[in-house]
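Below is one structure, written out as structure tokens; comments come after it.
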Amino acid sequence: MTPDDFIAAIAPAARALAATTNIPASFTVAQAALESGWAKSQLAQRYFNLFGVKADPSWTGTTVMLPTVEYVAGKPVTVQARWRVYADWLASLQDHAEFLIQNPRYACAFACTDGLSFTQAVAGAGYATDPNYASKITSIINAHGLESLDT
């Protein structure tokens, strides 16, 4: 799947979710692209988990254990993690939106109306351990003209 194929596949659902969640579609698509390697990751292909959402104790659905890279004191470390498994990509998009909406630490992001500022707010609230997380999502938004999805 090419980046254009990936964008075409999930952009309509991301735009529909943006209308009801206020999460910019450009952010949703770019974050899914980054987290899933443009849907090439095992987690996305086999388990429909586009965002690398881990399964905490509140998750009652199916899970899978897979390795991941976390940053500890600024250094990458490979660890095993429990991940959520979804029935399809739409379920992943919907669950990810709910995660952001329900988690108070991301409340500041919902004051943002575009994908670039939403990205900065989510990353600033500690979404990922990667210190370059926001710049990676921003790069994808800019390289693929994803801000057009927010209009």
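Coordinate-derived values only; no laboratory data. These figures come from a predicted structure and were not determined experimentally. Cβ sites come from the backbone with ideal geometry, for glycine too, and all protein chains shown count toward neighbours.
The figures follow:
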read-out: Scan of segment 10-23 for residues that are buried (at least 23 other Cβ atoms within 10 Å of the Cβ) and outside any helix (DSSP H, G or I), ordered by number; value: Ile23
read-out: Pairs with Cβ under 7 Å, 6+ apart, first in segment 111-137 and free of Cβ contacts under 8 Å to residues at least 24 places away in the same chain and over 17 Å from Gly74 (Cβ atoms), second in a helix (DSSP H, G or I) and basic (Lys, Arg); value: Ala125/Arg105
read-out: Residue match in segment 11-30 (condition: in contact with a Pro (Cβ under 7 Å, 6 or more places away or on another chain) and at positive phi); value: no
read-out: Ala91 out of contact with any helix residue (DSSP H, G or I) (no Cβ under 8 Å at 6 or more places or on another chain) and aliphatic (A, V, I, L, M); value: yes
read-out: Qualifying positions in segment 24-83 - crowded, with 16+ Cβ neighbours inside 10 Å, part of a helix (DSSP H, G or I) and either of a type outside the set (A, V, I, L, M, F, W, C) or in contact with a Lys or Arg (Cβ under 8 Å, 6 or more places away or on another chain) (or both); value: Ala25, Ser26, Thr28, Gln31, Leu34, Glu35, Ser36, Tyr47
read-out: Any hit, segment 31-53, residues being out of contact with any Cys (no Cβ under 9 Å at 6 or more places or on another chain), in contact (Cβ under 8 Å) with a residue 40 or more places away in the chain, more than 20 Å from Gln120 (Cα to Cα) and not hydrophobic (A, V, I, L, M, F, W, C); value: yes
read-out: Looking only at segment 100-131, and only at residues there that are more than 16 Å from Ala32 (Cβ to Cβ) and hydroxyl-bearing (Ser, Thr, Tyr), the one that is surrounded by the fewest Cβ atoms within 10 Å (Cβ to Cβ); value: Thr113
read-out: Of the criteria (1) surrounded by 14 or more Cβ atoms within 10 Å (Cβ to Cβ); (2) under 12 Å from Ala30 (Cα atoms), which one Ala97 fails; value: (2)
